[in-house]
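Taking it in order: structure first as structure tokens, then the write-up.
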Amino acid sequence: MLRLEVDTSDVLHSRFAISPLFELNCLIRALSGTSGQVLPVAWTTRLRPVFRYLCREKELDLVLSLHQRSYQPDFLSPAPSGLFQSWEDDVAALRRTPLDVARREIAKCGPVLPGDDLVDRIAAALCAAWDALLAADWPRLQAICERDVVYRSGELARVGWAAALHGLDTRLRWRAGGVEILRHGDDRTVVSDGQGLLLVPSVFLGPRVATQLDGPWPRTLIYPARGVAALWDPPKATDPGALHDLIGSTRALLLQALTRPASTTQLARAQGLSVGAVGDHLAVLRRAGLLRRARAGRAVLYSRTPLGDALAAGLPGDAAPAAGGEGPDCVLDP
């Protein structure tokens, strides 16, 4: 069992973050078979030929040689600073890695690789992989992670740390002032440093929570984001039906997407639409009584009304909204 001691200062300083580079490394490990994570057939079929080309022509095999089953160098995934971490932020942090630090970490994977430009070569290979494997899909993935954070924040306010942590992984529990992960391979207690816990949702990690406890990362719990199933298995194309004819295909699409509360930006990213267009459509749906909006901190979230649920029930692939999705920290706007 792994135990993370938590004090009052940790609770105050715990926060969420998203890491594009961590997600890319997880995807690379999945495509190579290193992680044991199985991608859906459609994603594997689409990405594996590109992955092989990158390994052959863009030195991605150099990065892959550093991905051991139980270890990878810390500098390959710098610790994210928050929810608005960008790919450019991640790559810049990687490029700032001193050569001696990179070589020391690489030595744990095998022979030290030659060349004073080693860090730049690794960064270039990862940039090529990002552009070819993940950049086009990242807005949807980012929206999934952001919506997960909104949900988890609501759970923390609604049911507290104990229940919210259990929702990340059934092996997690809050006990006697600490977070315990049962059946964990690392049997030890990690004392509090007063800096809180970093909670990072991930699309490609799963189904269990992972930890980052050593090196430059703060004490971190990385967990599978909610809503990934919709990414792997999108609704099949069907006859749009009368509702699409009545309110328009884009508004019907947005109504269907709101199985859980989401912001205008999150919906735009997930559906590949402009923020302005989504905002206009949401305003029409709200005036028609199909949506309501609520404030959660600085975000404005939209969710379906009972009338909106009833209409969306006729759309293919629609699911019932999750109970308690908004949470008590949302203040309804008139």
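Residue 91 satisfies every condition listed in (1) surrounded by fewer than 18 Cβ atoms within 10 Å (Cβ to Cβ); (2) out of contact with any strand residue (DSSP E or B) (no Cβ under 8 Å at 6 or more places or on another chain) except (1). The residues of the stretch 288-310 that are part of a helix (DSSP H, G or I) and either β-branched (Val, Ile, Thr) or within 16 Å of residue 250 (Cα to Cα) (or both) amount to a single one, 308.
Is it the case that the stretch 129-138 has a residue that's more than 22 Å from the chain's Cα centre (by Cα), under 18 Å from residue 204 (Cβ atoms) and crowded, with 20+ Cβ neighbours inside 10 Å? No, the stretch 129-138 contains no residue that is more than 22 Å from the chain's Cα centre (by Cα), under 18 Å from residue 204 (Cβ atoms) and crowded, with 20+ Cβ neighbours inside 10 Å. Among the conditions (1) in contact with a Gly (Cβ under 9 Å, 6 or more places away or on another chain); (2) of a type in the set (D, E, K, R); (3) crowded, with 20+ Cβ neighbours inside 10 Å; (4) over 20 Å from residue 212 (Cβ atoms), residue 146 misses just one, which is (1).
Residue under question is residue 169, and the condition is that it be closer than 30 Å to residue 95 by Cα and acidic (Asp, Glu); does it hold? Taking the combined requirement at face value, the residue does not satisfy it. Could you list, in sequence order, all residues of the stretch 196-214 that are over 11 Å from the mean Cα position of the chain (by Cα) and hydrophobic (A, V, I, L, M, F, W, C)? Within the stretch 196-214, 197, 198, 209, 210, 213 meet the criteria. Comparison of 64, 24 shows that the only residue that is under 25 Å from residue 229 (Cβ atoms), surrounded by 13 or more Cβ atoms within 10 Å (Cβ to Cβ) and touching a residue at least 24 places away in the same chain (Cβ under 8 Å) is 24.
Among 280, 309, 318, 245, which is of a type outside the set (Phe, Trp, Tyr), surrounded by fewer than 18 Cβ atoms within 10 Å (Cβ to Cβ) and modelled with pLDDT under 80?
That would be 245, the only listed residue that is of a type outside the set (Phe, Trp, Tyr), surrounded by fewer than 18 Cβ atoms within 10 Å (Cβ to Cβ) and modelled with pLDDT under 80.
When residue 91 is tested against the conditions (1) in contact (Cβ under 8 Å) with a residue 60 or more places away in the chain; (2) under 30 Å from residue 5 (Cβ atoms), the lone failure is (2).
The values are calculated or read from the model by the stated rules, or taken from the named source; none is laboratory data. Here the structure is a predicted model, which means the values were calculated and not measured. Positions of Cβ are generated from backbone atoms using ideal geometry, with glycine treated the same way; all protein chains shown enter the neighbour counts.
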